[in-house]
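Heads up: the structure comes next, in structure tokens.
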Amino acid sequence: GAPPHLPPAHPGVFQEMVKSECHFTNGTARVRFVKRFIYNRRQYVHFDSDVGRFVGDTPHGERLARRWNSDPEWMEHRRAALDRHCRHNYELCTPFLVGRRVPPSPSQSL
């Protein structure tokens, strides 16, 4: 079932989600790209640029990972996402985001 901190999924409703993440350390000096494939709140396979391949998180995900990892063209496309997606968007967004930084303020209690 769903982890206790999540409300139960609506019966009869199925959700497929793909989530791409870019993790930046020191600007673009250290970048990690993760693409997660999730079905009904459960990750079944993911790509991690630090590992350089897909990793299965469930038996179905393991089968997909084996198939996707064996396709050199697909893997080259996925590995290039770090530059194509992460570094490219970082360069586009940095002037807007960095210019809008606000100094931290003391937290307030409610």
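Readers should treat all values here as calculations from the given coordinates under stated rules, not as data from a laboratory. What you see is a predicted model, and the numbers here were worked out from it, not measured in a lab. Backbone-built Cβ (ideal geometry, glycine too); neighbour counts: all protein chains shown.
Data for the structure
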{"read-out": "Net charge of neighbours whose Cβ lies under 13 Å from the Cβ of M17, counting Lys and Arg as +1 and Asp and Glu as -1", "value": "+3"}
{"read-out": "Other-chain or far-sequence residues with amide H under 5 Å of R53's (modelled H)", "value": "D48"}
